[in-house]
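Have a look at the structure below before the remarks.
Read-outs: derived from the displayed coordinates by stated rules, not from any lab. This one's a predicted model, so the numbers in the text were calculated from it and none came from an experiment. Please note: Cβ atoms are built from the backbone with ideal geometry, for glycine as well, and neighbour counts cover all protein chains shown.
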Amino acid sequence: MTEQEALVELACRLFDAGRLAKSSAARLCGLQRPAFEAELRRRGLAVYRTTLEDYEQDTRDAPWRKAV
C-alpha cells in the first residue's frame, strides 16, 4: 500500500465514522470532492450522511404536507 492509498483509506474511514466532514476528508487525502466520493462508492460507503434534523426538516417542508 502506498502512502497515498493509506491516506485515502484513512480519510474514508474517518468520514464513515463521522469524525471528518467530507470536504476535510477529501483535503486530508489530496482529492477533489468528486474523486473522494468515487472512493467512498468504491468501498460501498455512503456518500451523503442524512441527520435526523435533515429528515425532520425535509418531511416538515414536503409539498405533500402543505396540501393537507
Quiz item: At 222 nm, what helix-only mean residue ellipticity would the chain give, in deg cm²/dmol to the nearest 500, using -39500 (n - 2.57) for each DSSP H run of four or more?
Solution: -19500 deg cm²/dmol
Self-check item: Correct choice for semi-axes √(5λ) of the Cα gyration tensor in Å that was computed from the model, options (1) 33, 10, 9; (2) 26, 15, 11; (3) 46, 18, 9
Solution: (1)
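How big is the charge dipole of the range 3-66 about its Cα centre, in debye rounded to the nearest 20, if each Lys and Arg gets +1 on its Cβ and each Asp and Glu gets -1 on its Cβ? All intermediate terms of the calculation are to be shown ahead of the outcome.
Working: 12 positive and 11 negative charges, 28 e Å.
Once rounded to the nearest 20, the dipole reads 140 debye.
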Quiz item: Which trypsin sites (Lys or Arg not before Pro) from the range 1-36 combine a DSSP loop assignment with at most 11 other Cβ atoms within 10 Å?
Solution: Arg19
Self-check item: Fewest-first sequence of Phe36, Phe15 by Cβ atoms within 10 Å of each Cβ
Solution: Phe36, Phe15
